[in-house]
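The values are calculated or read from the model by the stated rules, or taken from the named source; none is laboratory data. Predicted, not measured: the structure shown is a model, and the values here were computed from it. Backbone-built Cβ (ideal geometry, glycine too); neighbour counts: all protein chains shown.
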Amino acid sequence: MLDQLEAQAPDALLALIKMHAEDPREDKIDLGVGVYRTNDGATPVFRSIKAAEQRLVDTQDSKSYLGPEGDTGFVDALKPYIFGKDASMGGRLEGMQTPGGTGAVRLAVALAKAAGVKRVHLGVPSWPNHAQILQDVGVVTCTFHHAKADGTADIDALIETIEAAEPTDAVLLHGCCHNPTGVDYTDEQWEQIAEAFAAKGILPILDVAYHGLGRGLEEDVAGVRKVLAKVPEALVAYSCDKNFGLYRDRVGAFYMIAKQPSDLPAITSNANALARANWSMPPDHGGAAVRTVLRDGDLTKQWLDELDEMRARMRRVRARLAAADNEAPGLNLAALGEQNGLFAMLPLTKDQIASLREDHAIYMAGSGRINVAGLHAGNTDKFIAALADVIE
Ligand code: PMP
């Protein structure tokens, strides 16, 4: 039986990590892996999370099972950050904890399918796992162009997609800090998106995986809130793995916004059933740490400061890259200054990407995606010079 399985293509990014690790050159640069890095190239545990974890160790008196909804204190504590001060949405909002943002996206798609969604529209390029999840859950994936060649969002492609959608279609959008392009919709475009969703009445699935890493905690969800203010129902997938630095602890949340409060019990019971069949319940530790941070004023302040520091550093790197356009012809980095989050896509050929790796020890995904946080004061000049060299 098992000998019938055909080998799957290996994860290209994991192969890249291995190649980078084995490269003896001291000035090598890793722009592949999608994690935040400090100016020293480290991905440390947040100080606020360390303190919260210590409190958990000291006070947690049981590790008995929770339900499929996980730590409801964690789910509730995040709400005002995502949905604003009046986070109740008139009793139409319910959430649950998930294993990372990945679990939340999977649950969103599976729940949409259970409710009758047949096709999901996805802007491309996207986080590769979006398409994998859509396929694995068993909905049809339809694609539209996310970004234009000038490094801004292709709003027309999205609006046309929404306007032409069938009633059993859903649209999956990145809330902020688009992966892999860094290209987000502007506030005005989000307004248009909200109107289009409202006019058409199809289901938005909003994936917020980098909240606070773009322009600011409020700014990064302003678009999502515009949509939620206009549409009758929506699903939101949320990750705490970047903005609390919890990656391997797998911390996410899934929120359901119903047409009316009386719809929520049936919706959440379906989500709970799907969660039970998939993972029974989410891992507890990271969510408990986030809850501990958000329920304590001092730890919250510390977390906000840590997030500010990360965001400011990425903005500095982006500004430096954008300014480099004056230094060599053809770099085309100006748009990166306007884009958001960890990622950007450079329009490089396979040969140029290979040359960056072989001749300059610079490692990036084969798609041309770079992790902006892999750059810092000590290596950005080298990166810009190498780029100028390969595109000459
Ligand atoms: N959505 C997007 C757009 C992502 O880029 C990612 C992760 N890189 C996720 C969801 C899932 O995040 P997590 O690690 O919390 O599963």
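Overview of values
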{"item": "Residues satisfying the stated conditions in segment 262-311, i.e. among the charged types (D, E, K, R), touching a residue at least 24 places away in the same chain (Cβ under 8 Å) and within 30 Å of residue 46 (Cα to Cα)", "result": "284, 291, 295, 296, 306, 311"}
{"item": "Qualifying residue in segment 244-259 (condition: within 25 Å of residue 343 (Cβ to Cβ), in contact with a His (Cβ under 6 Å, 6 or more places away or on another chain) and outside any helix (DSSP H, G or I))", "result": "no"}
{"item": "Filter result for residue 216 (without any contact (Cβ under 8 Å) to a residue 60 or more places away in the chain, more than 16 Å from the ligand (Cβ to nearest atom) and on the phi > 0 side of the Ramachandran plot)", "result": "no"}
{"item": "Residue in segment 165-173 that is without any contact (Cβ under 8 Å) to a residue 40 or more places away in the chain and small (Gly, Ala, Ser) present", "result": "no"}
{"item": "Residue 95 being within 16 Å of the ligand (Cβ to nearest atom) and under 15 Å from residue 242 (Cβ atoms)", "result": "no"}
{"item": "Restricting segment 165-215 to residues that are touching a Cys at 6+ places or on another chain (Cβ under 7 Å) and of a type in the set (A, V, I, L, M, F, W, C), the residue that is farthest from residue 104 (Cα to Cα)", "result": "213"}
{"item": "Qualifying residue in segment 329-346 (condition: closer than 22 Å to residue 185 by Cα, surrounded by fewer than 20 Cβ atoms within 10 Å (Cβ to Cβ) and in contact with a Leu (Cβ under 6 Å, 6 or more places away or on another chain))", "result": "no"}
{"item": "Hits in segment 323-343 - residues which are of a type in the set (A, V, I, L, M) and within 17 Å of residue 374 (Cβ to Cβ)", "result": "324, 333, 336, 342"}
{"item": "Any hit, segment 49-72, residues being within 16 Å of the ligand (Cβ to nearest atom) and under 26 Å from residue 184 (Cβ atoms)", "result": "no"}
{"item": "Test for residue 227: is it more than 16 Å from the ligand (Cβ to nearest atom), surrounded by 17 or more Cβ atoms within 10 Å (Cβ to Cβ), β-branched (Val, Ile, Thr) and under 25 Å from residue 263 (Cα atoms)", "result": "yes"}
{"item": "Selection count where residues are in a helix (DSSP H, G or I) and under 13 Å from residue 268 (Cβ atoms), scope segment 65-82", "result": "2"}
{"item": "Residue among 60, 8 that alone is in contact (Cβ under 8 Å) with a residue 60 or more places away in the chain and surrounded by fewer than 16 Cβ atoms within 10 Å (Cβ to Cβ)", "result": "60"}
{"item": "The listed residue being farther than 30 Å from residue 319 by Cβ, within 13 Å of the chain's Cα centre (by Cα), surrounded by 18 or more Cβ atoms within 10 Å (Cβ to Cβ) and within 13 Å of the ligand (Cβ to nearest atom), out of 208, 236", "result": "236"}
{"item": "Residues satisfying the stated conditions in segment 83-114, i.e. of a type in the set (A, V, I, L, M, F, W, C) and either over 17 Å from residue 271 (Cβ atoms) or not in a helix (DSSP H, G or I) (or both)", "result": "83, 87, 93, 96"}
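One line per residue, one yes/no per condition, for (1) surrounded by fewer than 17 Cβ atoms within 10 Å (Cβ to Cβ); (2) at pLDDT 95 or above; (3) of a type in the set (Ser, Thr, Tyr); (4) away from the ligand (no atom under 16 Å from the Cβ):
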{"site": "137", "(1), (2), (3), (4)": "no, yes, no, no"}
{"site": "141", "(1), (2), (3), (4)": "no, yes, yes, no"}
{"site": "156", "(1), (2), (3), (4)": "yes, yes, no, yes"}
{"site": "163", "(1), (2), (3), (4)": "yes, yes, no, yes"}
{"site": "168", "(1), (2), (3), (4)": "yes, yes, yes, yes"}
{"site": "178", "(1), (2), (3), (4)": "no, yes, no, no"}
{"site": "183", "(1), (2), (3), (4)": "no, yes, no, no"}
{"site": "186", "(1), (2), (3), (4)": "yes, yes, yes, yes"}
